[in-house]
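What follows draws every value from the coordinates through simple rules; no lab data is involved. On a predicted model such as this, the values are computed, not experimentally measured, just so you know. Cβ: placed from backbone, ideal geometry, glycine included. Neighbour counts: every protein chain shown.
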Amino acid sequence: MKIAVCIKQVPNTTEIKIDPVTNTLKRDGVPSIINPDDKAALEAALNLKDKCGAQVVALTMGPQQAEKALREALAMGADEAYIMSDKAFAGSDTLATSTIIAAGLAKLNPDVIFCGRQAIDGDTAQVGPQIAEHLGIPQITYAAQIDYDQDRQALIVKRQFEDRYQMLEVSGKCLITVLSSLAKPRYMNVWDVVNQDLKEINVITRADIEVSSEHIGLGGSPTKVDSTAAKQFDKKIETFELDPTAAAQAIVDALKQRHLI
Amino acid sequence: MAKNIWVFCEQRDGEIQSVALELLGVARALAQTTNEKVCAMLLGHNVLDKANELVAYGADVVYVVDDERLAQFVTEPYAQAAFSVIKKYEPNVLLIGATSIGRDLAPRLSARLHTGLTADCTKLDIDQSGKLFMTRPAFGGNLYATITCPNHRPQMSTVRPGVMKKLSPDTCKNGEIVVEYVQWDDDKFKVKVLKEIKESKCDTDIEKAKLLVAVGRGVKDVEPARELACALKGALASSRALVDAGVTSQHTQVGQTGKTVRPEAYIAFGISGAIQHIAGMEESEFIVAVNTDKNAPIFKIANLGIVSDASQVIKEMNKIL
C-alpha cells in the first residue's frame, strides 16, 4: 500500500500576537510548524506502515522554505518527500490549490491519501475534499481512528460528528482527512534524522503537471479577497480589582440585575 | 442565469438542524436586497413532512430529495443529490452550515461545480446585482477578510452554527414544496456505513445553553466550576488549553477550532482571551471576565471585568448560590 500524506507548513498561530498600537499582526519570529492535523495524518500513515508495511510519501505545496516541513516528515519516518513549488502556483485559493495538489498526487499514484482535517492558518477544511473530487475518489473526513482489515483488504474508519460517529468501510482508492486527536505524532527518530539528510526532496513544478493555467494561481482562483479589516472591539468595558468574596457578589448581582438567574 | 438564494437545510434523523433555520434567516435578508426567492434544499429519507417547517422559517420554495440512500449522511449520495438539484436550478448563492456534515459536503460540491467556496463566514452582504460579500476571520481571527466570487456561480459559503439569527416562525406563510428525483450513479458509492452510534454528551450542549461558565488555564480545579454551572442552570465551557491538556472534553471547547456560542451570559474564568477564543464567544450578550492579569485581552470585550483569582471567585460564588 502506498500512502501519500499532504502536509502544510503553517505559522504557529497560537503564538501570533497583535500589536496593540498599530492593530497589526506581529509575525516576526513566529516559528513555522507542520500543521497539527497534518502531523496526525502523517502519524496515522506511519502507524499503518509499522503494522502492514506501507510506503509513506509526504507531499507539500509552498515556497522553498516549506522543505523544512518535509525534512521533519522524513525524520519521522516518511520514505519519500515531494514539494510542489512554482511561481505559477502563488495566490491560489482552496480550489486552485486542490487542483494543483491533485495533479501532483496523480503523478505519484498512491492507493490512499491522508490529509489533516484543516490547517490552523486558514481553518477552511476544504482542500482535502476538493482533491478527492478532482481525483474522482471517495473521501472520509473527520477521521478519529483508522485501521486496516487485512482479510477484507479495506480501511475501517471511525468518522466523527458533533453528536455521533460512524464506522465506515472503504476499499480501493480514497482520501481521508484526519483529526489531530487521532494520533499523537511520534518524535523524530535519531536514525531517521541522520538519514533524512541523505534523502532527496523531489521538486514538482508547473511544467511537471497537467493542468490548465485557467485553473491555478491567483488568476485561476474563483474566490477573490475584496478587502481586509483589523478586528474592532467595541464593547463597553468596566474593570474592577476586587477580592474573591466581593467579586463573587458583584457577578451574582450583575446576573440578577439582568434576570439571568 | 443563476438566481435566488439557496440554503442547504441539514437534518439529522429527520430533525432539521438549528443552523439551517439560522441560514434561512440570513437568506431572507439577502433575498430582500436582490428581490429574489429563498430556496431550501432538503435531502434525506422520510423528511417530506419537515418542508413546512422550512417555509415557516423563511423559505419560499423547498426542494426535497427523499430517498433511502440519504437516510444517513455519506458524502457521495448527498453530493450527487445536491449537484443534480443545483445543476437544474442554478442558484446564485448557496449557503451551507459549517458543521461536520456541511464542511464535508460543501468543498466536494464546490469542486464538482467548479466554483468558489468561502469557509466559516461570520457576515454576509449582497449588492443589488447579486454579488455576495462573504466576511470571515483570517489568520486565526486576527483579521477579517471579505471574499467575493465574481465569475462563478453559485457563490458558496459555509456559516458557523450560532452566528446568524433565525426568524420567528410564521406558520401562516405560504411556500411551494417541490419533490426532486435524482438519477443515481450507485457505482460511485464506495464508502459503506458499518454502524452509526449516537454519543451522549457528558456536558450540556454549550451551543444551546443560555449561560456558560467558561474555564481556562487560570482555573486550577474544574469540578467547582462544573458545580457552579449547574447552580446557574448553565453549561460548562472551556478554552482550548484545557481541552489540549485533557482536563475538559472537546464538546466544551469554545473558539476558532471549537464552537461558536452566543449565550445570554458568558462568564470567563481564568481565560486570557486569545483571539481564537474570542472569535468563538464575542457575540455573547453579556460577558463577565475574571482574571488575575489586568492586561488580559479578555477584558477588552468584557461588559464586566474583574481582576481577581478565578478559582477563589468560583468557590465564593458556590457559597452564595
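Results, tabulated for the structure shown:
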| item | result |
| --- | --- |
| Additional length obtainable on full extension of the chain from B:LYS131 to B:THR171, 0.36 nm per residue less Cα span | 11.3 nm |
| Percent breakdown of C-alpha pair distances by 5 Å bin, ordered from the shortest bin, for the range B:5-188 | 1, 9, 18, 23, 22, 15, 8, 3, 1, 0 |
| Ascending count of other beta-carbon atoms within 10 Å, so fewest first, for A:SER85, B:SER238, A:SER181, A:SER98 | A:SER181, A:SER85, A:SER98, B:SER238 |
| Average beta-carbon neighbours from other chains, 10 Å sphere, peptide B:44-54 | 0 |
| Alpha-carbon gyration tensor eigenvalues x 5, square-rooted, for chain B, Å | 38, 21, 18 |
| Residue among A:GLU210, A:GLU200, A:GLU241 with the largest mean-square fluctuation in a Gaussian network model of chain A, springs linking Cα atoms under 10 Å | A:GLU241 |
| Within the range A:2-215, percent of DSSP bridges classed antiparallel, to nearest 5 | 40 |
| Cross-link pairs B:LYS3/B:LYS166; B:LYS131/B:LYS300; A:LYS158/A:LYS184 - those with Cα-Cα distance over 24 Å | B:LYS131/B:LYS300 |
| Charge sum, other residues only, whose C-beta stays under 9 Å from B:ASP120's C-beta, Lys/Arg counted +1 and Asp/Glu -1 | +2 |
| For B:98-104, mean number of other protein chain Cβ atoms within 10 Å | 6 |
| Proxy reagent accessibility, fewest Cβ within 10 Å first, across A:ASP147, B:ASP187 | B:ASP187, A:ASP147 |
| Gyration tensor (alpha-carbon) shape descriptor, the range B:211-320, a/c threshold 1.5 | rounded |
| Cα shape, the range A:88-218, gyration tensor, a/c 1.5 rule | oblate |
| Beta bridges by DSSP in chain B, antiparallel share as percent, to the nearest 5 | 20 |
| Spatial separation of Cα centroids for the range B:156-223 and the range B:114-155, in angstrom | 21 |
| Global form of the protein assembly as shown, assessed from the alpha-carbon gyration tensor, a/c cut-off 1.5 | oblate |
